[in-house]
Amino acid sequence: MDTESLLNVKPEDLAKSLLQRRLMLKESLPGVIRNLEAEEEALSPKAERLSKSYEEANSKVANFKQARDKAQSEAGVLISKVKLIRKRIEESGGMVNLDPKWKKERLIERIEEIEHKIQTSALDQKSERKLLDKRRALVYQNDKWLKERKDSNPDMLEYIEKSRKMSNLYKKADSAHTKMLDAVKKAQPSYEKSTSVSVELRDIRSQLDRARELLKQSDRAIEHWEIRLQKGFGDIGPGFPDLLKGYNIVAGGGASSFSKSTKSKSKNSSKTRGEEE
């Protein structure tokens with residue numbers, strides 16, 4: 001719309017149009033607010049449920065991670081100790097006698113085999129007694145073997161115990177890490193759903209706040225334009241400044257505030273270019 005067309009629009013017509021818009025808003029906003037409140041009420045429990053589900057899944061991830069880190073940290077401490085003990089044994093020549101005899105005798109494996117038979121086989125008392133005697137003898141051999149190694153080299157038993165503990169800790173860390181990855185995979189859908197619903201709920205609440213604020217402003221706006229239509233558009237008292245000031249300037253041949261602003265920006269831009277040159 002050009003300047004002449006704008007000047008031909010009567011202030012009364014603009015005020016009536018604005019008043020009508022505010023009246024329509026006041027009439028429609030309560031329904032809009034009710035619909036938004038219903039959407040918020042329906043979505044809130046779902047958002048809370050999904051948020052709780054994600055928190056629980058995330059808590060499992062955190063617990064598995066903590067278990068993994070703890071086991072890895074403890075195993076890491078043992079590594080340096082095992083290395084030092086092994087170095088002492090190697091320097092004393094005791095390491096030569098460690099692994100070959102242990103593997104040859106297979107005492108632990110034989111003890112486990114007997115235990116498995118006792119637990120899984122239907123044996124008579126005589127057969128069970130024979131197995132128990134055999135296991136007892138193997139346990140005795142195992143204790144004797146360890147005692148001999150300890151007596152000949154006290155570091156040997158410590159090396160075995162710490163190495164075994166270190167190995168178990170790394171197995172524990174690997175198990176916790178695998179469970180953590182599985183938990184992360186299971187938690188991902190919960191996170192995506194929770195995020196999506198939270199964004200939707202936040203948007204509804206934003207619209208609801210805006211609608212309530214517009215309704216709150218409606219009565220003041222309606223009263224304002226009704227008074228303007230009754231008393232005019234000039235300076236009629238506090239809170240009612242002269243709305244026709246700009247109109248009268250343009251009608252008298254002066255420049256509008258928009259035109260002044262545009263010229264000022266253009267002038268500043270030209271001055272900047274001149275300084276750069």
For this session: State whether one or more residues within the stretch 39-58 are more than 30 Å from GLU213 (Cα to Cα) and in contact with a Leu (Cβ under 7 Å, 6 or more places away or on another chain).
Result: no
For this session: Answer yes or no as to whether GLU37 is loosely packed, with under 13 Cβ neighbours inside 10 Å and either in a helix (DSSP H, G or I) or touching a residue at least 40 places away in the same chain (Cβ under 8 Å) (or both).
Result: no
Problem set entry | Selected residue (only one of LYS83, LYS87, LYS70 is surrounded by 13 or more Cβ atoms within 10 Å (Cβ to Cβ) and at pLDDT 75 or above) | LYS70
Exercise. Would it be correct to say that ILE160 is under 30 Å from ALA71 (Cα atoms), at pLDDT 70 or above and aliphatic (A, V, I, L, M)?
Worked result: yes
Exercise. Of the residues LYS65, LYS16, LYS52, which single one is at pLDDT below 85 and in a helix (DSSP H, G or I)?
Worked result: LYS16
Seminar exercise, completed: Over the stretch 42-67, the set of residues aliphatic (A, V, I, L, M) and loosely packed, with under 14 Cβ neighbours inside 10 Å is ALA42, ALA62
For this session: Being assigned to a loop (DSSP other than H, G, I, E, B) and loosely packed, with under 12 Cβ neighbours inside 10 Å is the filter; apply it to the stretch 213-240 and report the residue that is modelled with the lowest pLDDT.
Result: GLY239
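Results for (1) closer than 22 Å to LEU23 by Cβ; (2) of a type in the set (Lys, Arg), shown as yes or no for each residue.
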site	(1), (2)
LEU169	no, no
HIS177	no, no
ARG210	yes, yes
GLN217	yes, no
Problem set entry | Residue pairs meeting the criteria (Cβ under 6 Å; at least 6 apart or on separate chains; first more than 14 Å from VAL61 (Cα to Cα), in the stretch 170-184; second surrounded by 13 or more Cβ atoms within 10 Å (Cβ to Cβ)) | TYR170/ALA75; LYS172/ALA71
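The values are calculated or read from the model by the stated rules, or taken from the named source; none is laboratory data. Given the structure is predicted, the values throughout are model-derived calculations rather than measurements. In this analysis, Cβ positions are derived from the backbone assuming ideal geometry, glycine residues included, and neighbour counts consider all displayed protein chains.
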